[in-house]
Structures are given as C-alpha cells and as structure tokens.
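Chemist: Questions regarding the structure given below will be posed in turn.
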Amino acid sequence: MIKLYKRFLETALGNGWSFGNFINNDNVESRKQILLQHDMDYYPDAALEMARTESALNVKATYMVYLRSPFYNTMSRSVGDMLSEIHELGHWIGLHTFLADISDYPSIM
C-alpha cells in the first residue's frame, strides 16, 4: 500500500503540485496546492511509515492524534517515540478530537 501512496505523491509533485500546511500556508496563491492531513485513528506505525515516505520526497503533512484512543495509547513510550520522529521529519502534529468528546459541550454552545 505504501508503494501506491508514494506513487501518488510522486505523480502530484511531477505534475506541479505543492504541499502546504494549515498554519503557515506559504503558497496561498497557488491553485495547485495540497494540504495533506492524516487522521491517526488506528495505526501509529502506519503513520510513521507514511511520514518517512513523505519526508524522503520533501513532502510535509499534518498528523492528527487522539489523546484517548481504544487502538493506541498516546502516552506510551512507543507512540511518543513515533510522534517525536514524525515531528523531527518536519511534519506537524495536531490534536484530533470531536466536540462530542467534551463533557460540557452543551454549555459551550
């Protein structure tokens, strides 16, 4: 699967597309820009493999992480190490949440 993803990235780059982020959008005037975000819902190890593939092509992405997940423990050393490496590769880490997860959501509205 990662080979297919790498081919997608190479094709986009080869056709003049650039990759930006949601915070500092350097190419805001470019119509051929991809803002790449990954929701890290299930497999942190797959996210790390994707991050390495992107980094090798000088592509940056935003990785959205749950603080509480039934599939991984964000506070574990292994996941923390993966997130650190993803960040060190030049990617951004964001908090992935749903407003329904906030216990006092009705009072916010």
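Every number here is computed from the coordinates shown, using simple stated rules; none is lab data. Predicted model only: the values in this text are computed from it and were never measured. All Cβ positions, even for glycine, are placed from backbone atoms using ideal geometry, and neighbour counts span all protein chains on display.
Chemist: Sort the range 7-79 into rounded, prolate or oblate with this rule: let a ≥ b ≥ c be the square roots of the eigenvalues of the Cα gyration tensor; rounded if a/c is under 1.5, and if a/c is not under 1.5, prolate when a/b is larger than b/c, oblate otherwise.
Modeler: prolate
Chemist: Right, something else. Go through 62-74, 4-16 and give me the packing order, highest mean Cβ count within 10 Å leading.
Modeler: Put in order of decreasing packing, that is 62-74, 4-16.
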